Amino acid sequence: ANRPQHAPTTSRRLEQFAEQRAMAGKLQSMPFLTDKNNPIGWMVQGGIEFAADSRRLIQRCTKPDAKEFKKIAVACAIGFAIMGFIGYTVKLVFIPIKTSLLAAPE
């Protein structure tokens, strides 16, 4: 009853495992798709690994609660403010330098 919503059930895991075995069987019938030394196999195997890693990441991710979200939002706001202040300061410093360098000598 306390199981998280994103955790797959045992029957769903068995279905996923059966799907993976079926896909592996199809790939075994075409050996160039499983050979990482072959450019096509390198692309296919890379895509399969990426999909597996992506699925694993999505299953482990959780939605932040209100406290965590607020902490992230405040940290981003502080970062924006600091970067804005640095940009404003640099602009203030370089305006006089630029005008003195570009001033036409008379």
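Listed values, structure above:
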{"item": "Hits among lysines - C-alpha to C-alpha of residue 26 under 28 Å, sequence gap 8 or more where chains match", "result": "36"}
{"item": "Residues of segment 19-106: accessible area per residue with a 1.4 Å probe, Å²", "result": "90 Å²"}
{"item": "Residue-averaged 222 nm ellipticity for the chain, from DSSP H runs of 4+ at -39500 (n - 2.57), nearest 500", "result": "-26000 deg cm²/dmol"}
{"item": "Tail weight of P(r) past 24 Å, computed on alpha-carbon pairs of the chain, percent", "result": "63 percent"}
{"item": "Carbon + sulfur, % of accessible area of the chain - ligands and nucleic acids excluded, 1.4 Å", "result": "67 percent"}
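The values are calculated or read from the model by the stated rules, or taken from the named source; none is laboratory data. Quantities reported herein were computed from a predicted structural model and do not represent experimental measurements. Ligands, DNA and RNA are stripped out before the accessible areas are found, and what is left, the full protein with its side chains, is counted by its heavy atoms. Shrake-Rupley method; radii C 1.70, N 1.55, O 1.52, S 1.80 Å.
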